[in-house]
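Have a look at the structure below, then the notes.
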Amino acid sequence: MVVGVRCLATTPNPFNTLEHQRLRTGALCESLKQRFAELHARDYPDDGAAKALWLLADLLTLLQKRVQLIADEKTLIMAGEVVIELGETLEYFDNAGTDQTPRGLVVLLQSLYARLGWPSNLLAWPQSVYNFTIRPFVENLAVLFQYLGPDAEIDAVLKAYTGPRDLVSFPRIERDNVRMYAIFGHEIGHRIAGEFLKQEQADATFSGEEAAIRAKVIAAMGGSPSIIDAQKLIEKVFSLRKRALEELISDIVGVYLFGPSALYAGHEIHFDASMDRVPSLANNGYPPGRMRLRISLELCRAEGHLDALVEFVDDPKTGKAFAAGVSLVDHIDRLIGIRSDVQAITHDPFVSIAYDWVNVTLPSAQAFARNAMGAALYPTSAQRNECSKLVERLLDGLPPNEIGSALAPVQVDARSAVLAAWLISLDGAQSGPGDESYTLFRLNEKTLRGIEYIELQRCYLEKFPRTAP
C-alpha cells in the first residue's frame, strides 16, 4: 500500500522564520552565558578575567532583552552574529588561566603599563599562531554592538567597566620563554607609534611634506601619467611609509623598555628570509629585518646599554655570560654592516621615495617615543647595577628577584631579570650541547618566579613603605 505524502506547498501556516531566529539567538545568548559562568571557577593570574566575564554576561543579558523586542529579521540575524562573535572570546578565557598563562608575564606587563601611566588591567592568553599581539578589548566590543544601533544601556555598562582593557596574546610554544617577553615592548610601541602618527597629521608642516612626496612620485613615473595610475602609486608610497614607521617606532620603544633584551629578541624574530625583504603591499609593508636590527642596535649603543655589557666581561663569576651577550651584539653588528637591505629598496623608485621620507621622519619619531616613556624607560644604570648580581643569583640556583644581603635586600627592575636570563642562555648556547649546567627549563622557571617576587614586593612597598628600624 502506498502511503500518501501531503504536499508541502499546501501547508496552511508558512514557517515563521522571524520567531525561529528569535528563539535561536536567545538560546545562543543563554548558552554563552552558561559557558562564561563555568569559566569563573578557573584560576587566573588576577581578578581581571572575572571582571571581563561579568561584563560579557551583562552585555548578553541586555542583548537577550533586545532580542525579544526586535521585529526585523535581518536585525535578529545580526544580533545572532554578535553572540557568535562574542563566543570566540571563550578561547581567551580557556587559555588565560594560570595553567596556561604564566603569572610572571601578566605582572610584568601590568608593571610596564603602570609605569607608562596606562590602565594596567589586561587579559593575556596563548595562541597556536606564532605571533605576539596587544589589541583593545572594550573598544572592539563597543564597535561590535554599534552594528545593532545606539543603545544607552550598553554604553553605560561599557563605561562603568573597570576590568581588562587590552587583550594580550602570545605564541603558546613560547609560553614559558621569559626571554621572548621582551617582544611585548615592541607591541606596546604600536600604541605610541599610533599617537605619533596622529600628532603628525595635525602638524601644519605635514601637508607640505605630503605635497612634495606626491610631486616626487609623479616625477618618478615620467611622462604624463593618468590620474588613476598616479593615485595608486601615491597611495602605495604613503602606505609603505606609514607601515614602516609603525614597525620601526615600535622597535625603538622596545629598546627603550627592555634595552639589550629587545635587541636579542628581535634577532630571534628577524634572522630569516625577511632580512632583506623589499617592503610591498603584498607582505603588509614590513621593513627589512636587517634594517630593524640596525635601528635597535644603534639605539642600544646610543643609550649606553652596550657599554654596560662590556664592563662585566672580566667579572670572575658572571663575565662568561656577559661575553656571550657581547658576542651576539658583535654578530648582529656584522649583519647590519651589510647594506643589502638598503640596496634592495633603491631598486624600486617608489619604495625608495617612501623610505627616504621615513629616514627624514625617524629622528622626530624617536624623540617622541623617548619622551613618551617617562618612568617606563629602562635605564642603563639599572642594567649596570643589577644585571651582574642577578646573573650570579641565577647561577647559584636562586630566583633573580633582589640584590644585596638577606638582611638588607635591594629592589630590582624585572627587566634586569629578563636580561640576566638572556645572558645565561646565550652563554649556554656557546658552550655546546655537552654543557647541561643550566637548562632552559630551570632558567625560565627561576626567572618567572623572580619576576613574580619583584612585582609583589614592588606593589607591597607602594602600599606599605619601609620605615627605619
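Could you tell me the distance between the Cα centroids of region 370-449 and region 318-358, to the nearest Å?
Comparing the Cα centres of region 370-449 and region 318-358, I get a distance of 27 Å.
Would you work out which of Val83, Ala421, Ser111 lies farthest towards the positive end of the dipole of the chain, given +1 charges on the beta-carbon of Lys and Arg and -1 on that of Asp and Glu, about the Cα centre?
Sorting the options by dipole projection puts first Val83.
Can you bin region 189-377 into rounded, prolate or oblate? Criterion: square roots of the alpha carbon gyration tensor eigenvalues sorted a ≥ b ≥ c, rounded for a/c under 1.5, prolate for a/b above b/c, oblate for the rest.
prolate
Working out 0.36 nm times the residue gap between Ser381 and His331, then minus their Cα-Cα distance, what length gain in nm do you get to one decimal?
Extra length from Ser381 to His331 when fully extended: 15.5 nm.
Straight-line reach only, C-alpha to C-alpha below 16 angstrom: list the lysines that Lys51 could link to, leaving out same-chain residues fewer than 8 apart.
Here the lysines satisfying the reach criterion relative to Lys51 are Lys33, Lys159.
Return the long-range amide H neighbours of Ala124 (sequence gap of 5 or more, or a different chain), with a cut-off of under 5 Å between placed amide H atoms.
So Ala124 has HN proximity to Val168.
Give, in nm to one decimal, the length gained when the segment between Glu235 and Asp43 is fully stretched (0.36 nm per residue of separation minus the Cα-Cα distance).
Full extension of this stretch gives 64.3 nm more.
Given +1 on the Cβ of Lys and Arg, -1 on the Cβ of Asp and Glu, and no further charges, what dipole in debye does region 189-377 carry about its Cα centre, rounded to the nearest 20?
The calculated dipole for region 189-377 is roughly 340 debye.
Report, in debye and to the nearest 20, how large the dipole of the chain comes out about its Cα centre when Lys and Arg carry +1 and Asp and Glu carry -1 on their Cβ.
400 debye
R0 = 45 Å: FRET efficiency of Asn371 with Tyr460, Cβ-based, nearest 0.05?
The computed FRET efficiency comes out at 0.90.
Dipole size in debye (nearest 20) for region 136-197 around its Cα centre, Lys and Arg Cβ +1, Asp and Glu Cβ -1?
With only Lys, Arg, Asp and Glu charged at Cβ, the dipole is about 280 debye.
Can you order the peptides 278-286, 100-108 by their average number of other Cβ atoms within 10 Å per residue, highest first?
My ranking of the peptides, most packed first, is 100-108, 278-286.
Say the dipole of the chain comes from +1 at the beta carbon of Lys and Arg and -1 at that of Asp and Glu; which of His331, Ala124, Phe184 then lies farthest toward its positive end?
Working it through, the farthest residue towards the positive pole turns out to be Ala124.
Tell me, in nm to one decimal, what length is gained between Asp99 and Asp314 on full extension, where the rule is 0.36 nm per residue of separation less the Cα-Cα distance?
Length difference between fully extended and current span is 73.3 nm.
FYI, it's all coordinate maths here, none of it is from the lab. Quick caveat: nothing in here was measured; it's all calculated off a predicted structure. Because the Cβ atoms are built from the backbone with ideal geometry, glycine has one as well, and the counts that use them run over all protein chains shown.
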